[in-house]
Each structure stands twice: as C-alpha cells, then as structure tokens.
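Below is one structure, written out as structure tokens, with a few remarks after it.
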Amino acid sequence: MLTIKNLTAQVDGKKILNGLNLQVKPGEVHAIMGPNGSGKSTLANVLAGRAGYEVTGGEALFEGKNLLELSPDVRAREGLFLAFQYPVEIPGVTNLQFLKAAVDAMRHHRGQTPLDASAFMRLAREKCKGLALNPDFLKRGVNEGFSGGEKKRNEILQMALLEPKLALLDETDSGLDIDALQIAAEGVNAFRSPERAVVLITHYQRLLDYIVPDYVHVLAQGRIIKSGTRELALELEDKGYSWVLEEAKAS
Amino acid sequence: MANASEPIADLIGREYAAGFVTNIESETIPPGLNEDVIATISAKKNEPQWMLDWRLEAYRTWRAMTPPEWAHLKHPPVDFDAISYYSAPKSQKNRPKSLDEVDPELLATYEKLGIPLHERAALAGVAVDVVFDSVSVATTFREELGKVGVIFCPISEAIREYPELVKEYLGSVVPVRDNFYAALNSAVFSDGSFVYIPKGVRCPMELSTYFRINEQNTGQFERTLIICDDDAYVSYLEGCTAPKRDENQLHAAVVELVARNNAQIKYSTVQNWYPGDENGDGGIYNFVTKRGLCAGVNSKISWTQVETGSAITWKYPSVVLRGDNSVGEFYSVALTHHFQQADTGTKMIHMGKNTRSTIVSKGISAGRSQNTYRGLVRVSPNAVGARNYTQCDSLLIGDKCGAHTFPYIENRNSDSIVEHEATTSKVSDDQLFLCQQRGIDAEKAVSMIVNGFCKEVFRELPMEFAVEAGKLLEVSLEGAVG
C-alpha cells in the first residue's frame, strides 16, 4: 500500500529525513517511535503534503502512485488520512458543515453520489455515538473551544467518516487522559480491517497497550534504525532509546 | 516554511462577471459642473422651481467645501470637471408606462445581471426599481404595492407627485452641508428610489433598487429616501454593478431613512461596483452617505452591508437614535482584494433614553488591499440607559494587505454601557491544510473559512441575498490561495 524508499526531506533548509525506508501493507498496523526531533512528525507531514516540507530525494508510492507529485487534497481523496497532533480551529464553520464538505469531496472522487443532508446527519450522529461524543458537538465550530481530548476525538471522528485506506496518527495519544485514550483507541480498532492500514506515531508505549501494532520501528536522525514487533516497544519503555542508538552506531 | 503564506497568496482574481457594457444610445451632457448644468438636470426631470432652488443652494454650499482627507485612503484628487453629471438612455426619454415599452437592450442587460424585470419572471415577493446611469428605467409591482398605500417610485417622480413628503424629509437626515459628497449629491442627484410606508402597514414584499453605471466618464449620484410611518415595517435591498473600465468613475450617493414611532426599517446592500483590475487600474470611487433617523419611540433601523466592489469605498451607514427605546444595528462585511481600499464603518448617535445599538463589522483583506473600520459611538447626556455593543473582526489573507480599526467612543452619560471587542486573525496555512487534508480543494476551503468568519452578518441578510453574498465572496476571492 505504502512504499517509502530512501526518502530525504528538509524544513527551513535543515535536513530532517535522511534516507528513510518503510513498507506498509493492507491490514497492517505500524508504530513509529523515537526520541524528540527524530523526524516522526516530519514524516507524517511530508506524506500528507504540507507546505514548507521539502522533499530532496527518494520516493513514496501510495498504491503504486507517486504520492509526492499529488496536491494535499488529492492525496486525501486517494485515501491518505492524517490525524493531526495539534488540530487547528476554524471559527464560524460548523463541524457538521466541514465534515459534509469533506465527505462530499471524497464521495465525488470515488464516483459516488453525494449524501443528502438527512442521510449524512444520521451517519455523523452514529459515528459520534461510537466515540462517546454528544451530537451537539456537530453544531460547534470546527475545533472551536474544544478541549484537547475533544479535538483528538474529532480527528478520529473524521477518520471514521472519511474511511481512508491509510491513516497516519500523529501523536494522537498526547494530551489524553486514560479514559479518552481508551475511547480514541477503540475508534482506531474499529477502523482496522484487512483492506486498511494504520501508522501510529507515538512517544509512549502506553498507546500500544490499546492499539496493538504488527510492527514497531525506531526512527532516529531521520532514518529507521531498528524494526521489530510489539516486544520492541516494551523493551524501549524499559530501557529507553540509548541502546538502540548505540547499536545503530556500532553497525 | 520560508514563505509560509505562499499557498494562500497564490489563491486570490476571477473575472468580474458584471463588467460588460450595454451598447445603447445615450444622451449624456458634457463634463463639468456649474449652475447651468444643474438647471439642465432639473429641467430634464421637469422639476418644480423649489427643487431647483434647493439644488442651487446645495451647489453653492458645495463650492465652499473641500473633500474630506481624514480617511485612510490614498487616491489622486477627483477632477470634478471631467465628469458628466447626467446620462440617460435615449429610449428612456419618455419613461415607459409598462415593462413592454422598456428598451429590449435594457431588459437584456438586467437579464444578464440576474435581475429579470418581467414581473412574471421576477422573484416572487420582491419589487424592483432599476436605475441605469442617471434615470430609473422601471419599477415593478407598483400596482400591488399601491393597494396597501405603499409608495415605491423613482425619486424624480416623487418630487413631482408627492412634493409635500419630499419637502418635509429630503435633507432632514443628511443635511446638505453634512459633508462634501453629500453637498455634491444634493446639487446634482439624478435618480434613486422613494419609499413611503403608511401608518400601520407592513410592506407585503421586499423592495429593492438595482443601480447600474453604464456610460463612460459619468458619475452616478443617486438619492434614496425611505419613510416608514408609525407602526410600519419595510425591508429594502440594494445592489450595484458597473462595467470594467480603465479609468475611475465616481459614485456619490445619499440615502436617508426615517422611522417614526414603533416603525422598523431593514436596509440591506450588496455592493459590487467594479473594483478595478489586479494592477489597481480602474474601478469605482464610492463616496456614500447613508444615515437613518430613529425619530419615534421604539423604532428600529438596521443596516446590513456586504461590500466587495469599488476601488475606493468611503461609507458609514449610521443611525441617529432620537426616539426613546429606539434600536440601531449595523452588520457589515467588507472585502478588499488586489489594490482596493475601503474605509467603512458606522456612527451610532444615542440621544433618546434606553436606546440600544449593535455593531458587527467583519473586514477581510487580501492581495495588497487596505481595509479600515471606522466607527463612532456617541452617547449624549440625556441618553440615560443607553447601550452599545461593538464587535470588529479583521481577517487577513496573505501578508501584503492591511487591516485597520479606528473606533471612537464619546460617552457623556455615566449611566450607559458601551462595549467594544476587536480581533484580527489570518486565514492560516494550518486551517487551509486541515481542509485540504480532508479532501477539500484550496479554493473551496478559503471560501468556507471566509464564509464562516462572516456568518454573523450573513444571517442578517434576506435569504436570496445571503446566498448571493456567499457566492460573491467566493468569486471575489478567486485566486486568493493556490
């Protein structure tokens, strides 16, 4: 589904990604961990096509298409979703209006007819329920005055409605208390299917107690320096990152 | 990140859709202004002597005045001798008795602008007066309105048919010497709408006037007078467009509203004069004086404006709250793009007891434009219990435009409450990216963000107008982000 080969990228002239390789297949859940400043969020932003993240080499293929030459909105319509670490507010635009515009754009791209207002409302309410969100939530401005937990749950709600093929979750666990974390994780687990893939970017092993990954990767200095399974995350929690970094240096 | 605003800066400039010229033979008097020109205009309108005298008095007053220079606007001085003060389609010499007699070329013009004049085709429930250059060419639904006593006609006709009403109210809210452009308008105004709603009548349909400047080198100086008698109600809409031309054209209107006891006037404007091109060439200079007088107790005047056109906008629709418990409202969206400049806002003058006013102003600046809110809230010593709430929000698109706020508050009554809130924000790349990441393309995203910003004002507009205003913003912002 996603093949990243020798990807290099810079931000403000500073090299952040340094020959990154990653392969994600349908049905898989990958966790990307690593120390601060290792390039985790940069990877997510480069894949989603955010302005200011300049790719200097390598390639990223999404279902065989060159992701890097598509505009951000086309990448999204092709099925790439990014759950933001810091979701931004859009005052005056209701969550409902925003979600409807997004779902309409997706359906149009897939050659489906747009949902009428009442069918969309039913769908949105149902998805809200699954995330323990009050339906009044839909009438509020996009992320306007939302608590940290509400913002993150709103990201998961968008993922549930848009039904992407690949979801990148950028530190969705940060700033969540344990109850909110569980709810968000349930949302992600409900989303998992043999056709879909998830890439979790996280600092903490804690999230992986709730969303169990198939693979765990350690990102450092802009490259994946070690890959393993669920056990690697536990080991990292136990021993920190220094031993992995040492190991990488030695090889 | 080196130039974070770039994606947005690239996204603003669709074609101005109303920019076409109607090919019609016009009678245009030579440029320049003197007492003979005024006498000519007056004669063309078959005006009584008192009207000519009033105009000449205004002209002499104007001669002694100088253009205002306090606004945050930069433009070369207007050459008042290069403007023609009267232009009318020849076919309109004798105003047609019915629509069937209106020049088909004119009908086609309004058809093209989306204002079908044939009543059969017209929007149900909206009566239209259309002003083309210096004359009113048609007024629809007059008969139906006449049945309930509502007068809706060109002001030139009102001067002849209802002289007592015109004499009583013309210049009563905006005196001739109020300001330079009001004095000029009083001297040379050619047409506009006149509305009288009798006591106790709720006007059964929306009234609207559509202003069109067509002829080159002419100015448009319309005059609108709306009187709402005791316990009456009217909702009035106005729209304006002009062809694309390289030179600037002057539009200097005066609008006066009078609300008597318990009367309500709702006045909505969608101003889409030609704004000039992306290099700042051409466009309308829009110098307008609009003021309403809440003359009676419990009266209410509400201004809602969506200003997207004009190279220069100088406009402050105001309310004088003289009657006790009267209410004044001002809801405004002003959008500037390319090299447009707007200096707009309102004045709320509290004189009566327990008078209340609300000001909601939304300024949107894109390109290299400058957008200024200028407002005055004055509470006189007698205005016990007066309240004002002002909210002024500015939205910037890109980093080459400017937003400015000049709120003046003169409170001479310790018992009153005056509140002011102001914010400035940017359509950020983060907001744009969030929308795009959800599959929404950039232009749609900007329009959604801007519409969200304007929501509090749009909901004050009558339904059809709200839809039109939303679309207009979308067109005006085209190319604002890329």
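The values are calculated or read from the model by the stated rules, or taken from the named source; none is laboratory data. All of these numbers come straight from a predicted model, not from anything done at the bench. Here the Cβ is made from the backbone with ideal geometry for all residues, glycine too, and neighbour counts use every protein chain on show. Surface areas here come from the heavy atoms of the whole protein model, side chains and all, with no ligands, DNA or RNA. Shrake-Rupley method; radii C 1.70, N 1.55, O 1.52, S 1.80 Å.
List of remarks:
- Probe 1.4 Å, accessible area per residue of region A:1-152, Å²: 43 Å²
- Given their separation in residues at 0.36 nm each and the Cα-Cα distance between them, residue A:3 and residue A:250 gain 86.2 nm when the chain is fully extended.
- The simple Förster model, with R0 at 30 Å and r as the Cβ-Cβ distance, assigns residue A:204 and residue A:23 a FRET efficiency of 0.75.
- Taking 7 Å steps out from each Cα toward its Cβ at residue B:177 and residue B:43 produces label points 3.0 nm apart.
- A DSSP coil position with no more than 14 other Cβ atoms inside 10 Å describes the following GluC sites (Glu not before Pro) in region A:63-126: A:63.
- You can think of it this way: the chain between residue B:143 and residue B:35 has 35.1 nm of extra reach, that is 0.36 nm per residue less the Cα-Cα gap.
- Rounded tilt (10° steps) of A:230-239 against the dominant C-alpha axis of chain A: 60 degrees
- Loop-resident sites, region B:228-335, for chymotrypsin sites (Phe, Trp or Tyr not before Pro), counting at most 12 other Cβ within 10 Å (DSSP): none
- Under DSSP loop assignment and at most 14 Cβ neighbours within 10 Å, longest trypsin sites (Lys or Arg not before Pro)-free interval of chain B: B:200-399
- With at most 13 other Cβ atoms within 10 Å, longest stretch of chain B clear of loop GluC sites (Glu not before Pro) (DSSP): B:248-482
- Each label was represented as a point 7 Å from its Cα along the Cα-to-Cβ direction; for residue A:136 and residue B:278 these points are 4.7 nm apart.
- Nearby lysines by direct alpha-carbon distance to residue B:147 (threshold 23 angstrom, same-chain neighbours under 8 apart not counted): B:97, B:199, B:266
- Reachable lysines, given that their alpha-carbon falls under 23 Å from the alpha-carbon of residue A:165 and they are not under 8 places away in the same chain: A:5, A:25, A:40, A:65, A:100, A:127, A:129, A:151, A:152
- Axis angle, to the nearest 10 degrees, between helix A:95-109 and the longest C-alpha principal axis of chain A: 70 degrees.
- Residue B:199/residue B:426 FRET efficiency (R0 45 Å; Cβ-Cβ; nearest 0.05): 0.35
- In chain A, the longest principal axis of the Cα atoms and the axis of helix A:148-162 are about 80 degrees apart.
- Computed helical MRE - 222 nm, chain B, DSSP H runs ≥ 4 contributing -39500 (n - 2.57), nearest 500: -6000 deg cm²/dmol
- Annotation: residue B:304 carries an accessible surface of approximately 0 Å², with a 1.4 Å probe and no ligand, DNA or RNA atoms counted.
- One chain, two ends: residue A:241 and residue A:147. Fully extended at 0.36 nm per residue, the span grows by 30.7 nm beyond their Cα-Cα distance.
- Loop-resident sites, region A:35-124, for trypsin sites (Lys or Arg not before Pro), counting at most 16 other Cβ within 10 Å (DSSP): A:110
- Percent of Cα-Cα distances greater than 39 Å, calculated over the protein assembly as shown: 45 percent
- Pairwise burial B:A, computed as accessible area of each alone minus the pair, summed, 1.4 Å, Å²: 2200 Å²
- Those residues of region B:409-445 for which accessible area with every protein chain present is at least 10 Å² below the isolated value (1.4 Å probe): B:430, B:431, B:433, B:434, B:435, B:436, B:437, B:438, B:439, B:440, B:441, B:444
- Residues residue B:463 and residue A:12, FRET efficiency given R0 of 56 Å [Cβ-Cβ distance, rounded to 0.05]: 0.70
- Burial annotation for region A:54-72: residues with an accessible-area loss of at least 20 Å² between the isolated chain and the complete set of protein chains, computed on heavy atoms with a 1.4 Å probe, are A:72.
- Portion, in percent, of the accessible area of chain B that falls on carbon or sulfur, probe 1.4 Å: 48 percent
- 17 Å Cα cut-off, lysine pairs counted over region B:341-457 (separation 8 or more, or different chains): 7
- Our note on the geometry: Cα centres of region B:249-327 and region B:340-369, 10 Å apart.
- Calculated [222 nm] ellipticity per residue, helices only, for chain A: -12000 deg cm²/dmol; basis is -39500 (n - 2.57) per DSSP H run with n ≥ 4, divided by all residues, nearest 500.
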